[in-house]
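Read the structure below first, then the notes.
Every read-out reported here was derived from the displayed coordinates using simple, explicitly stated rules and does not represent laboratory data. What you see is a predicted model, and the numbers here were worked out from it, not measured in a lab. A quick note on method: Cβ atoms are made from the backbone with ideal geometry, for glycine too, and the neighbour counts reach across all protein chains shown.
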Amino acid sequence: MGNLEIYEKVRTVPQEAQKRINGGRMNGKTDINPMWRIKVLTELFGPCGVGWYYKPVRKWTETIGSETAAFVDIELYVKLDGEWSMPISGTGGNMLAAKEKSGIYVSDECYKMATTDAISVACKQLGIGSDIYWSADRTKYDGQRGGECDGKTEKREPQRQRKPQLVTEAMIKALCKEMDRTGTSIEKVLSVVKKQEVEQITAEEYVKLMKKFEKTPDAPPIDNGPAPPPPDIPDDYEGLPFA
C-alpha cells in the first residue's frame, strides 16, 4: 500500500454529505455530516469495534466568565492488514453553558457533540474529507522545505516539538458569539493573534482572547446609532480588552 492510498480514497466529500453554512461568522464554511465519516471508516476498515474503534482518554471543562465549554480527548485505532494502528489522537469541544439573550443555556449533549468533534479531528489526520480543509490548511504548510545534507557525517536525532493545539469548532463558535456580542470584527481578532485564518488560532491564544472578551462590554444597540470604532490594539495585547 502506498503512503497516500488511503488519503486519496477519502479526501473527497460527496455533495450530499456537505452543508454550506450561511450567515453568521461561519458564513461560507462547509459543515460535513458526521455519519459520513463513520461510513468511510467502516468501508475502509470494517465495522466499529472490529476494524476500527475509539476510546475517550480525557474529559474536562473550561469556564470563561459565565460560559463553560466541555472538551474530550480520544484515541482512534484502525486495523490495517490485520494489525492495529498506533493511537490517532483527536480533541473536540462543545459548549456546556452558553450565554444567550434569554440567559444561560445548558446543553445536556455537550460531551456527545464534543466526542463527535474529536472523531472528526482524528479522521482528518487520515485525510478523511481533506479537500474541504485544504484551502485553510495550505497557508500553514506551503513554502516549507526539508533540510538539505551539508556533507557532515554526524547524525543527530531530530528534536521533537509538540505541535500547538488548534481551536476546535466549538471554540470558533464561542469566539463568534463574543465577536457578535461586542461588535468586534474577525479582521481585528486575526490581526491581534497575527493569523490569516481563524482555524489557525491556537487553543492557548483562544483562552487569552476569551479573557479579553470578558473585559469587553456589549456593543451599543443598533437603534442608538452607530457604535464608535474600537481603538487600535497594540502588538502586546496581554490583558487588554478589545474596546
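What residues have an amide H closer than 5 Å to that of LEU166, excluding those fewer than 5 places away on the same chain, when H is modeled at 1.01 Å from N in the peptide plane?
It is ALA203, by chain and number.
Just rank TRP84, TRP36, fewest to most, by other beta-carbon atoms within 10 angstrom.
Details: TRP84 12, TRP36 18.
Arranged by neighbour count, lowest to highest, TRP84, TRP36 become TRP84, TRP36.
Starting from the amide H of ALA219, placed 1.01 Å from N in the peptide plane, find each other amide H under 5 Å away whose residue is 5 or more places distant or on another chain.
THR182, GLY183
For the range 1-90, rounded, prolate or oblate, judged on the Cα gyration tensor with a ≥ b ≥ c (square roots of eigenvalues), a/c < 1.5 rounded, else prolate if a/b > b/c?
Because a/c hits 1.5 or more and a/b fails to exceed b/c, the range 1-90 counts as oblate.
Quick one: Karplus J couplings for the range 184-194, per residue in order, coefficients 6.51, -1.76, 1.60, θ = phi - 60°, nearest Hz, x for Gly and Pro?
8, 7, 5, 4, 5, 4, 5, 5, 5, 8, 6
Among CYS110, CYS123, CYS48, which comes first, second and so on when ranked by fewest other beta-carbon atoms within 10 Å?
CYS48, CYS110, CYS123
Kindly put MET113, MET179 in sequence by how many other C-beta atoms sit within 10 Å of each C-beta, fewest to most. Display every interim value, and only then the final one.
Working: MET113 19, MET179 22.
Fewest-to-most Cβ neighbours within 10 Å comes out as MET113, MET179.
Explain nothing, just compute: Karplus ³J(HN,Hα) = 6.51 cos²θ - 1.76 cosθ + 1.60, θ = phi - 60°, for every residue of the range 31-47 in order, whole Hz, x for Gly and Pro.
9, 10, 4, x, 5, 5, 5, 4, 4, 5, 4, 5, 5, 6, 10, x, x
Per residue of the range 96-109, what does 6.51 cos²θ - 1.76 cosθ + 1.60 with θ = phi - 60° give for ³J(HN,Hα)? Whole Hz please, x for Gly and Pro, Karplus curve as stated.
Here the 3J(HN,Hα) series is 8, 10, 10, 7, 10, 4, 8, x, 8, 9, 9, 9, 8, 10 Hz.
Sequence neighbours fewer than 8 away in the same chain don't count; with that in mind, list the lysines whose C-alpha is under 19 Å from LYS29.
LYS19, LYS124, LYS140, LYS173, LYS177, LYS195
Given H placed on each backbone N at 1.01 Å, which residues far from SER89 in sequence or on other chains put an amide H within less than 5 Å of it?
When sequence neighbours closer than 5 places are left aside, the close amide H contacts are LEU76.
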